[in-house]
Amino acid sequence: MSLLSKIVGRNRIRKAARELAWDPSPRNYVTLAREHVIAGNPEEVLRVCMEGLQLHPGVAELRSLGDRAQQIRLDKQIRGLQQDLKHSARPAIWRELCEALIAAGKPDRADDVARQWHSTSSEPEAVFYRAFTAAELFFHDHQAKDGQEAYDFAEEAHKLMRQDSRPLELQLSITTRCGAWQEARRCLAKLLELKPGEPELEAQFRSVLSMCDGAKSLEFLLQRVERSGRFADDKPDLSRETARVAVRPMLKELSSDSEVRAAVYLRGGTALVQGPRGATADRTARAVRELIVSCRSAARRMKLGRPVEVLLEGDFGSLVLLPGEQGSAALWCRGPIKRRHEDMLATLSGMSHLVGGPGGIG
C-alpha cells in the first residue's frame, strides 16, 4: 500500500470513528469495521465487531466481519506456529498449534499435528492432545472410530497424569454426549476422587446414576451417533406442533406430482412415506435410510464433512437425498428433480420432530 493510500485510509478510519462516537448505531459500527478491513487491520476489525455485537447482538454483518477477521488472525497465528515448530519443536508450540487449528475449525489438521507430535514424543501431554484432537474430530464429523480413539487415548493419558483432571473431563464429555451413562458414572467417580466435595460434580454424579439402568455400551452408542449424525444431547430447534402442521402436508404435496414415485421423511427410527403403500413403503424407507447412513459414513471416512445433498440418476429416474440435522428427506422421481421439489425437501430436512400417525412406519 502506498504512503498516500495509508494516509487516506487513516483519515477515513478517524472519520468513521468520530461518527461512531456520536452515534453508536449498527450502521456506523459496520462502517468502521469495513474501513479497518480495507486498511488490513484484522485485530481492529475483531475489536470493533465484538464491541458492536455487545450493543447490537443481532447484526449479521458485524458477526460475519468479526468471524472473517478472527479466521485471518488465526491463520496468521497458525503460520507463525508452524514456522516456530520447524526451529524448536517444544511441547508449548505443539499444544498451541493444536488449539489454534481447533479454534480455526480445522479439527482434521489438528488431529494430524497431534499424531505427528505423539509419534515423536511419548510424554503425557502428547498423549492427552492425541485424545483431545480426536475428540474434536469426533464432535465435528460424528465418526465412531474417532470417538473410540479419543476415549482410549484419554484413558492412557489418565494413567500417565493421575492428578490431572483433563483426561477424565474429556472422557466425560464424550460419554455424556453419546448417552453412555455407565462410562460417564465411572468418569465422575474418578473425578470426585480428584475433587472431593465439588458440588457440580456431585450433582452430575447423582443425575447420571439415575440413568445408568439399561444404558447401552459406549461402543454401541458411538456407532449410533455415526449412523444418525446426532448426539444424545442435541436439542431440537422446532416444536412438535410445527412438525405436526408441516411435515405431512408437504409430503402429500410432493407426492401429488405425477412424476413423483415416493416422498420420504426420516427421523431416528421412524419414517413417513407418501406414494408407496404397505410393505413397499416399508422397503422404500429402509432402503433410503441405508443409503443415507452409507453416504454419511463414506463422507466421514474421506474427511469430506457432512453430506448436504446426494443425487442419484439412472434408468430408475432420479433420487435425491437430503441428510439434515433434524431429519432427512428423500424424493424419487421418474424424471429430473424440479427446483421446487428441492426447496421443499430442504425445508423438510430442517424439521426437528416427526409425529407418528397414519402413513408412518417404524
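The values are calculated or read from the model by the stated rules, or taken from the named source; none is laboratory data. Every value quoted in this text rests on a predicted model; they were computed, and no experiment measured them. Glycine gets a Cβ as well: all are built from the backbone with ideal geometry, and neighbour counts include every protein chain shown. With ligands, DNA and RNA removed, areas are computed over all heavy atoms of the protein, side chains included. Shrake-Rupley method; radii C 1.70, N 1.55, O 1.52, S 1.80 Å.
Okay, here's what the table says:
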{"read-out": "Condition check for Ala157: hydrophobic (A, V, I, L, M, F, W, C) and within 27 Å of Leu192 (Cβ to Cβ)", "value": "yes"}
{"read-out": "Test: residue in the stretch 299-312 that is aliphatic (A, V, I, L, M), touching a residue at least 12 places away in the same chain (Cβ under 8 Å), touching a Cys at 6+ places or on another chain (Cβ under 8 Å) and open to solvent by less than 30 Å² (accessible area, probe 1.4 Å)", "value": "yes"}
{"read-out": "Search result, residues across the stretch 141-163 that are closer than 17 Å to Leu188 by Cα and either open to solvent by less than 40 Å² (accessible area, probe 1.4 Å) or within 25 Å of the chain's Cα centre (by Cα) (or both)", "value": "Tyr151, Asp152, Ala154, Glu155, Ala157, His158, Met161"}
{"read-out": "Test: residue in the stretch 34-44 that is basic (Lys, Arg) and in contact with a Leu (Cβ under 9 Å, 6 or more places away or on another chain)", "value": "yes"}
{"read-out": "Hits in the stretch 179-227 - residues which are crowded, with 17+ Cβ neighbours inside 10 Å, modelled with pLDDT of 90 or more, on the phi < 0 side of the Ramachandran plot and part of a loop (DSSP other than H, G, I, E, B)", "value": "Ala180"}
{"read-out": "Test: Gln77 is polar (S, T, N, Q) and more than 23 Å from His158 (Cβ to Cβ)", "value": "yes"}
{"read-out": "Subset of the stretch 228-241 that is more than 14 Å from Gly327 (Cβ to Cβ) and surrounded by 14 or more Cβ atoms within 10 Å (Cβ to Cβ) - its residue that is modelled with the highest pLDDT", "value": "Phe231"}
{"read-out": "Flag if Phe128 is open to solvent by 20 Å² or more (accessible area, probe 1.4 Å) and of a type in the set (Phe, Trp, Tyr)", "value": "no"}
{"read-out": "Evaluation of Gly105 against (1) under 29 Å from Lys195 (Cα atoms); (2) within 16 Å of the chain's Cα centre (by Cα); (3) open to solvent by 10 Å² or more (accessible area, probe 1.4 Å) (one fails), failing number", "value": "(1)"}
{"read-out": "Single residue of Arg79, Arg73 found to be closer than 30 Å to Arg34 by Cβ, at pLDDT below 90 and out of contact with any His (no Cβ under 9 Å at 6 or more places or on another chain)", "value": "Arg73"}
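Residue by residue, here is whether (1) surrounded by 14 or more Cβ atoms within 10 Å (Cβ to Cβ); (2) closer than 21 Å to Gln143 by Cβ; (3) not aromatic (Phe, Trp, Tyr) holds:
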position: Lys76; (1), (2), (3): no, no, yes
position: Lys86; (1), (2), (3): no, no, yes
position: Ala89; (1), (2), (3): no, no, yes
position: Ile93; (1), (2), (3): yes, no, yes
position: Leu97; (1), (2), (3): yes, no, yes
position: Leu101; (1), (2), (3): yes, yes, yes
position: Ala110; (1), (2), (3): yes, yes, yes
position: Ala114; (1), (2), (3): yes, yes, yes
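Matching residues to (1) at positive phi; (2) modelled with pLDDT of 75 or more; (3) assigned to a loop (DSSP other than H, G, I, E, B); (4) of a type in the set (A, V, I, L, M):
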| residue | (1), (2), (3), (4) |
| --- | --- |
| Thr284 | no, yes, no, no |
| Arg289 | no, yes, no, no |
| Cys295 | no, yes, no, no |
| Arg300 | no, no, no, no |
| Lys303 | yes, no, yes, no |
| Leu319 | no, yes, no, yes |
| Trp332 | no, yes, no, no |
| Ile337 | no, yes, yes, yes |
